[in-house]
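The values are calculated or read from the model by the stated rules, or taken from the named source; none is laboratory data. Keep in mind that this is a model prediction, so the values were computed, not measured. Every residue, glycine as well, gets a Cβ built from its backbone with ideal geometry; the counts of neighbours run over all protein chains shown. Just so you know, the surface numbers come from the protein's heavy atoms only, side chains and all, with ligands and any DNA or RNA stripped out. Shrake-Rupley method; radii C 1.70, N 1.55, O 1.52, S 1.80 Å.
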Amino acid sequence: MTDLTSQPAYYDDLGLSFEEAWNLVEAGSTDRHSPAHTPTVGTVDETGAPQLRIMILRDASRDARTLRFHTDLRSIKAAQVRNNGATSVLFYDMSAKLQIRMSGQTQLLPIGDVADAAWSNSTPFARRCYMAEAAPGLPIAGPSSGLPEWIQGKKPDEAQLADYRQNFSTMLVEIQSVEWLYLANPGHRRARWQWQDAQKSWQGNWLVP
């Protein structure tokens, strides 16, 4: 007989599982030590092939159903989003034995209050990467940070950063699907929730793990 006494409250509770999924994700936007702070983000290239990379989660809102990341507008990733906004985000918490997959549509928001606040609230060192002389991902002759020689190893000031604000963009993912997998010796648990526009609510169901 399966012993459920040692399992968390969400083990057989669909609603609590959904809450725990968002709890974990939201923690990643505020705690740099959280495993959800650096999820894997997948976009789609021009051939339809998935492209994956680790990104820093800057903000998460279950009420707005959004995840926010930052990117260089000149990057290949930004071009992929402009061509096809389909995006998947994968979180894994090894200690909690939880895998969460979120998918939805992404918008690039390079201007406006959200982007301005995100730029201003980032540290000068974090913003320094947008000072690269060429677009991220372009071939170069040898190993390099891509930064101008005069700023190598230095902290830029606001005046030096001002000309590079145009390279920065927020990347807002509107979540339409959440999938959850909890790994447990007595038996795994898996579920999916889909956003229903007509009802303005989530519809969830259990899945075979």
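Among the protein heavy atoms of the chain, carbon and sulfur supply 52% of the accessible surface, probe 1.4 Å, non-protein parts ignored.
Between Asn121 and Gln152, the contour length at 0.36 nm per residue exceeds the Cα-Cα span by 9.0 nm.
Gain in length, Gln203 to Gln7, computed as 0.36 nm per residue apart minus the alpha-carbon separation, to one decimal in nm?
Numbers: separation 196, 0.36 × 196 = 70.56 nm, distance 2.43 nm.
Contour length minus the Cα-Cα distance gives 68.1 nm.
The GNM of the chain, with springs linking C-alpha atoms under 10 angstrom apart, assigns the highest mean-square fluctuation among Met102, Met55, Met171 to Met55.
Counting charges near Leu108 (Lys, Arg +1; Asp, Glu -1) among other residues having Cβ under 10 Å from its Cβ returns a value of +2. Ordering Trp195, Ala86, Ala64 by the projection of their Cα atoms onto the charge dipole of the chain, which places +1 on the Cβ of Lys and Arg and -1 on the Cβ of Asp and Glu, puts Ala86 at the extreme positive end. Annotation for Ala141 and Glu46: the two label points, set 7 Å from Cα along the Cα-Cβ direction, are 2.7 nm apart.
Roughly how many debye, to the nearest 20, is the charge dipole of the chain about its Cα centre, given +1 on each Lys and Arg Cβ, -1 on each Asp and Glu Cβ, and no other charges?
Numbers: 20 positive and 23 negative charges, 63 e Å.
Roughly 300 debye for the chain.
The slack in the chain from Ser61 to Asp93, taken as 0.36 nm per residue of separation less the alpha-carbon distance, amounts to 9.6 nm.
Calculated [222 nm] ellipticity per residue, helices only, for the chain: -6000 deg cm²/dmol; basis is -39500 (n - 2.57) per DSSP H run with n ≥ 4, divided by all residues, nearest 500.
For the chain, the convex hull spanned by the alpha carbon atoms encloses 154 Å³ per residue.
How much accessible area per residue does the chain have, in Å², with a 1.4 Å probe?
Values: 11590 Å² over 209 residues.
With all protein chains present, the chain gives 55 Å² per residue.
What is the sum of charges around Asp13, taking Lys and Arg as +1, Asp and Glu as -1, for the other residues whose C-beta is under 12 Å from the C-beta of Asp13? Net charge around Asp13: -2.
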